[in-house]
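Heads up: the structure comes next, in structure tokens.
The values are calculated or read from the model by the stated rules, or taken from the named source; none is laboratory data. Quick caveat: nothing in here was measured; it's all calculated off a predicted structure. All Cβ positions, glycine included, derive from the backbone under ideal geometry; neighbour counts span all protein chains shown. Please note that ligands, DNA and RNA were not included when accessible areas were found on the heavy atoms of the full protein model with its side chains. Shrake-Rupley method; radii C 1.70, N 1.55, O 1.52, S 1.80 Å.
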Amino acid sequence: MSIQLKLPVPKKILSDNNIKIEKSKALGFRTFGIHFAPHKQAGRNVCAFASKGCIKSCLNTSGHGQFDNTQKARERKTKAFFTNRNRFLEKLYREITNKNKNVPKLNNLDPVYRLNLTSDLPFHKIALDPKNERTIIDTFKDSQFYDYTKDLKRYFRFLYKTEYFPKNYHLVFSRSENTNLSIIKEIIKNGGNVAIPFRCKSAKDLPKFWNDISVIDGESHDLRFLDPKGRIIGLPMKGKASKDSTGFVQEIS
């Protein structure tokens, strides 16, 4: 029987050094999130529903992610989350508590949280305290949390309210090259939103409509909980996505 060592929790879990989430400040918010090592990079699959196109086009290596020390830090963070879960969540609790206290005072901004910057974990189910099964999102019920997900079943449960989701947690479905158009239309019809990367370099080149569905600019900010309902969230391609040939990035006709 192998024994899994509890790895030390990093000194800092949350980050906001992401170019896109930096844009949140213009709207009065400051987004903090967690960069895990995506997919199976750290030996644990944190993106269980990632498609081939998604894996190849992942933004993990953009910005600061291009540096080797950043990648190693994300791997250490991922391993600590799985091997030392209680201590990891305790540290996350303290960090969010500090952000909620200090950010409004120092920056005159409201802190919001996206815990899956480079992962797709069900944080609405992950207990902060095993004794009462309360999650980190439930614990900070006055703070806004949001995520993108490729887990279609999770998204439909969120959309149709067939499972408990905290009121302060917002989800957007992220399309893959293998997502059926009928599924997307059903989501839109029922007031959900779908994020799609398009083959263009800037927001001004995004299409106005995609398959007769209104497309809005998803590049000007990352605050998806502010978006109108029933829309395609258009994302200009970045980094490795420019070489995508799987259909993950949508062509503009």
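State whether one or more residues within the stretch 191-209 are of a type in the set (Val, Ile, Thr) and open to solvent by 20 Å² or more (accessible area, probe 1.4 Å).
At the first step, the residues of the stretch 191-209 found to be of a type in the set (Val, Ile, Thr) are 194, 196.
Then drop every residue that is not open to solvent by 20 Å² or more (accessible area, probe 1.4 Å), which leaves none.
Within the stretch 191-209, not a single residue is of a type in the set (Val, Ile, Thr) and open to solvent by 20 Å² or more (accessible area, probe 1.4 Å).
Just to be sure before I move on: is Lys153 open to solvent by 10 Å² or more (accessible area, probe 1.4 Å) and assigned to a helix (DSSP H, G or I) in the structure I sent?
Numbers: open to solvent by 10 Å² or more (accessible area, probe 1.4 Å): yes; assigned to a helix (DSSP H, G or I): yes.
Yes; evaluated as a whole, the condition is true for this residue.
Could you tell me which residue of the stretch 101-122 is nearest to Phe145 (Cα to Cα), considering only residues that are among the hydrophobic types (A, V, I, L, M, F, W, C) and within 11 Å of the chain's Cα centre (by Cα)? Don't jump to the end; show me each part of the working.
To start, the set of residues in the stretch 101-122 that are among the hydrophobic types (A, V, I, L, M, F, W, C) comprises 103, 106, 109, 112, 115, 117, 121.
Of the ones still in play, those that are also within 11 Å of the chain's Cα centre (by Cα) are 115, 117, 121.
Values: Leu115: 8, Leu117: 12, Leu121: 13 Å.
Only one residue fits best here, namely Leu115.
If Lys56 satisfies all but one of (1) basic (Lys, Arg); (2) under 29 Å from Tyr155 (Cβ atoms); (3) open to solvent by 30 Å² or more (accessible area, probe 1.4 Å); (4) modelled with pLDDT of 90 or more, what's the number of the condition it fails?
For Lys56, the failing item is (4).
Can you tell which of Lys131, Lys105 is farther than 26 Å from Leu223 by Cβ and open to solvent by 20 Å² or more (accessible area, probe 1.4 Å)? Give the steps one after another, and end with the answer.
Numbers: Lys105 fails: farther than 26 Å from Leu223 by Cβ.
Just one listed residue meets the conditions, Lys131.
Looking at (1) open to solvent by 30 Å² or more (accessible area, probe 1.4 Å); (2) touching a Pro at 6+ places or on another chain (Cβ under 8 Å), find the lone condition where Glu186 falls short.
Exception for Glu186: condition (2).
Only one of (1) surrounded by 17 or more Cβ atoms within 10 Å (Cβ to Cβ); (2) under 30 Å from Thr246 (Cα atoms) is not met by Lys99, so which one is it?
With (1) surrounded by 17 or more Cβ atoms within 10 Å (Cβ to Cβ); (2) under 30 Å from Thr246 (Cα atoms) applied to Lys99, the lone miss is (2).
Say whether the condition of being part of a loop (DSSP other than H, G, I, E, B) and hydroxyl-bearing (Ser, Thr, Tyr) is met by at least one residue in the stretch 160-174. Reasoning before the result, please.
Keep residues of the stretch 160-174 that are part of a loop (DSSP other than H, G, I, E, B), which gives 161-168.
Narrowing further to those that are hydroxyl-bearing (Ser, Thr, Tyr): 162, 164.
Yes, the conditions are met somewhere in the stretch 160-174.
Do we have Ala203 as among the aliphatic types (A, V, I, L, M) and modelled with pLDDT under 95 here? Break it down stepwise before answering.
On the way: among the aliphatic types (A, V, I, L, M): yes; modelled with pLDDT under 95: yes.
Yes: the conditions hold for Ala203.
Output the number of residues of the stretch 1-57 satisfying the condition of being aliphatic (A, V, I, L, M) and not in a loop (DSSP other than H, G, I, E, B).
Narrowing the stretch 1-57 to residues aliphatic (A, V, I, L, M): 1, 3, 5, 7, 9, 13-14, 19, 21, 26-27, 34, 37, 42, 46, 48, 50, 55.
Restricting the remaining residues to those that are not in a loop (DSSP other than H, G, I, E, B) gives 19, 21, 26-27, 55.
Qualifying residue count for the region: 5.
Could you check how many residues of the stretch 5-34 are open to solvent by less than 20 Å² (accessible area, probe 1.4 Å) and under 14 Å from the mean Cα position of the chain (by Cα)?
Of the residues in that region, 7 qualify.
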